[in-house]
Structures are given as C-alpha cells and as structure tokens.
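What follows is calculated from the coordinates using simple rules that are stated; it is not laboratory data. From a predicted model like this one, the values you see are computed outputs, not experimental measurements. Methodologically, a virtual Cβ is constructed for each residue, glycine included, from the backbone with ideal geometry; neighbour enumeration extends over all protein chains shown.
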Amino acid sequence: MMENVTSAQTISRHELRQLVCNQLHTLLERENWEGAKALLIPVQPVDIAEAIEGLPDSMQAIAFRLLSKDEAIEVYEHLDSSVQQNLIQDFKRQEAIEIVENMSPDDRARLFDELPAKVVRQLLAQLSPKERQATALLLGYEEDTAGRIMTPEYISLKENITVMQTLDRIRAQANASELIYYLYVTDNARRLTGIVSLRDLVVSSPEKTLGEIMTRDVVSVTTEMDQEEVARSIQRYDLLALPVVDKEARLVGVVTVDDTIDILEREATEDMYAIGGVQGDGDKYFQTSLLVVARKRIFWLLILLATNTVTGAIIQTQGALLEYTGQAIAIVAFIPLLTGTGGNIGAQSSTVVIRGLNTDELRALGPLQVIFREAMAGLLLGTSLGIMATLWAHYLMQKNIFVALSVGSSLVVISLLASVSGSSLPFLFRTLGLDPALMSAPFITTAVDVLGVLIYFAIARSILN
C-alpha cells in the first residue's frame, strides 16, 4: 500500500489525493487501522488534509485520530473550515483544546472566525494565557487587515548582540517561532529598526553585531493595511515575510508568504464571482445548498431582467420604421448579432481593466490613456467586424445593401461604445469607492444591449429613409 502512494509522487497532486482518499476509505471500511496509519506515513500533511476532506463525514474524525499529535495539528491547519468545525464538534473537549492550543495564532484566528461565538468563548477560556493573549490580539483587528492575518510568532533581537549570540538565540527559540529566516531588530521601545536575513547571519563574522550587518531600510506595513495590499507588497519586493507595525511603529507581528498565497486566491475568487454577477463569498460556493446558490445569483439577474425589458420596449417603439421600410424581418434578424458582439467586446475591455487595476499594472497609465487605448482597439475591432458583417449580410443573408450597410455601420459604433464603457466604468466605480469587479460582464452586456438597439435603429432609419 505504501509503495502505491510513493509511486504516486510522479502523478498529479489531484490524482495523488484521490488515490490516498480511495485507499484510505477502503481501509477504514475494513477497520484496518494499522494499514490506514501506514498509508498516511509518506503523505504530505496538505495531501492528507485533502484526502480526509474527500471522506464521508462519519469517517473524517476516525481518519484524523489515526495521526500523531504533531502531524494532526499540521493537517488540521490545512483542512477546510467546514471540516475543522465538524471535527471540533466530534472531538472530546480536551482533544479540541489540545489541537487549538497548538495551532499557529493566525490559523487559530481564522478558525475562530468560522466557529459559533459560543464555541469560541469556550475554547478561548481553556487556552493557556499566552495563546489566549496572542489570539485576542489578532481578533482585535478588523477583518481582512494585516493585523488579522499576521502571526505574532517571530524572533526579535537588539542590535548590540553578536552573530554568535544570535545563533544561540535562534537555536533556543526556533521551535517557538513560525519564522526564522528573517530576524527583526528592535530598540528598547520595540520599534522596528532593522532586519537581518538568515543568509546574512551565516556568512558574517561571529564577532560582528547585528547593528553592523542589518538592513536599516525595512519594508513594513501597518496593522490597518488591507490584506490584498499586504500581498502585493510581498510580491513587489520578493519577500518571504513582511513585518507588521502598529501606529507607534512598534513591531507586533509578521505576515508570511504562505498566508499571502491564500489571500490572493481568495481575492481572485471574489473578483471572479463578482465579475460573473454572483453575490457573496465564492470560496464555498459548491458546498452551499441550492437555495443559497439561487439567492446569491438572483439579485443581479433580476436587475438584468428588468433592464432587458427596455430593449423590447425600444423595438416596439420602432414599429413605424419597420412597417414603412418593409424590412422588418431583415432588420430585426441582426439585433442578436449586434448586441451579442457589443456585449462581448465590452466584457473583454472591462475584464482587462479590472485585472490591471487589481495588479497595479495600470499604475503608470492614467484612466484617460487606458480608455483611449481601449477605444482605439474597439474602433479597429468594429471596423474589421463591420466589413465582414456587411459582406455577410448582403451576399449570404438578405441581399439588401441598405440593411447590410446599417448592420456594418452599427457594429462599428457599438464596438466603439462597448470598449469605452467597458474600460471607463470600472474606473468610475473605483472613484466612487466601490469594487470595480462589480462592473461585471452581465451589467455591461445589458447596458450595451439597450444602447446598441437604439444606435442600430437610428442608423437604420437614416440609411433606409
């Protein structure tokens, strides 16, 4: 059994998780506890966590109890919050306290965010004074800020100690600190004055002091900074960790790179769901009930449904034009083509602008320059598509040059309008203090539908008359 898992190292991570999950499920059904323990020995904690998540609820607690104490704590930190909550309820009180006590403070704070308030109070009361204080510190900050996601477990030193003394201090504190590849130098008031990497420490002379080798130009963030900005700072400066200071510039914690990866994934998920017009947190979308799913999606759909009725009203008001020209079927037949193409172009523009705003790629470009660039792209696309649509409409469809010209000309104008609106509205939303992702593809598509029909009929009236 162990050989099968070891050979699975050459396959994908998903296949490995599925393999372990299937074999673990079979062993637990047969009550082969020793075989299940042996199966999990060569497996990484994160893969064990995913394998446990794939088991039926009744087996998850059994599989978790097969792990050693140290491994169980690490696996527990990788589990989905819903599974963590279920396990907490299944554990005996002392078991739950031991696991929560040994979690890192930032992971513990995230768990407490998901648990009912009554359960949190009970667990907090049973923690050691040190861990209770560390957890209360993090929970005291606003959600989605640096203070909430940081870990207070770091090594802080004074600049007058030597490299040799520092190495001895690291050996003594390594097990109690989540972070040892950066050492932070503070003064007597705990204000951050410098940073020393483990590499600089190893290559320096043992007699030198930290003040001689430390970097004084330290990149740091405040406890109130948004977590997405924290992640961008780590990405921008290629850091493994980022110190967090309070309003008095005192060092209070550190945000590590593994936390920022989770942040970026959650933020990207939220943006993608917002762009798709889905309300709420998308992290657990596929674990929620169908009623909740419908409630999250219906809000924008109702707005779009009401807005789309305007398109039908516009078509109704053009009855005189359709009757007068005798080209009612020919004109109406091209409405889906025009509105669909315009909506797609607008969605493309909004997507690239929203992405550029989130990644700060547009920092060097002003809004007007971005909108002008997208307008030119829309004009180029509209001209190319308009020529092809004109030829297609005339030779393959209606054999009416006037209707074909109306379609081609409208497509140019609609493409230009869609590009301008798709690129400008996210900037407007950001100026108003709203999430640019809310200027989603469905919203822009609907707006372009309404304006596109108006433009099409105006051009058709001018040409056909």
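What shape does the stretch 2-141 have by the C-alpha gyration tensor, where a ≥ b ≥ c are the square roots of the eigenvalues, rounded means a/c under 1.5, and otherwise prolate means a/b greater than b/c and oblate the rest?
It comes out prolate by the Cα gyration axes.
Sort Val332, Val43 so the one with the fewest other Cβ atoms within 10 Å of its own Cβ comes first.
In increasing order of surrounding Cβ atoms, one gets Val332, Val43.
Shown for Arg110, Arg93: other C-beta atoms within 10 Å of each C-beta, ranked fewest to most, produce the order Arg93, Arg110.
When peptides 129-141, 247-259 are sorted by average Cβ neighbour count within 10 Å, with the highest value leading, the order is 247-259, 129-141. A full extension of the chain between Met59 and Thr215 corresponds to an added length of 51.1 nm, given 0.36 nm per residue minus the alpha carbon distance. Estimated from the Cβ-Cβ distance and a Förster radius of 22 angstrom, the FRET efficiency linking Val257 and Asp360 is about 0.75. Shape call for the stretch 169-228 from the C-alpha gyration tensor, a ≥ b ≥ c root eigenvalues: rounded (a/c under 1.5), prolate (a/b greater than b/c) or oblate? Prolate shape, in that a/c is at least 1.5 and a/b is the bigger ratio.
Here the label points at Ala38 and Arg199, each 7 Å from Cα along the C-beta direction, are separated by 4.4 nm in the simple model.
For the stretch 184-238, the dipole from Cβ point charges (+1 on Lys and Arg, -1 on Asp and Glu) about the Cα centre works out to 160 debye, to the nearest 20. Look at Met388, Met103 and count the other Cβ atoms within 10 Å of each Cβ; fewest to most, that gives Met388, Met103.
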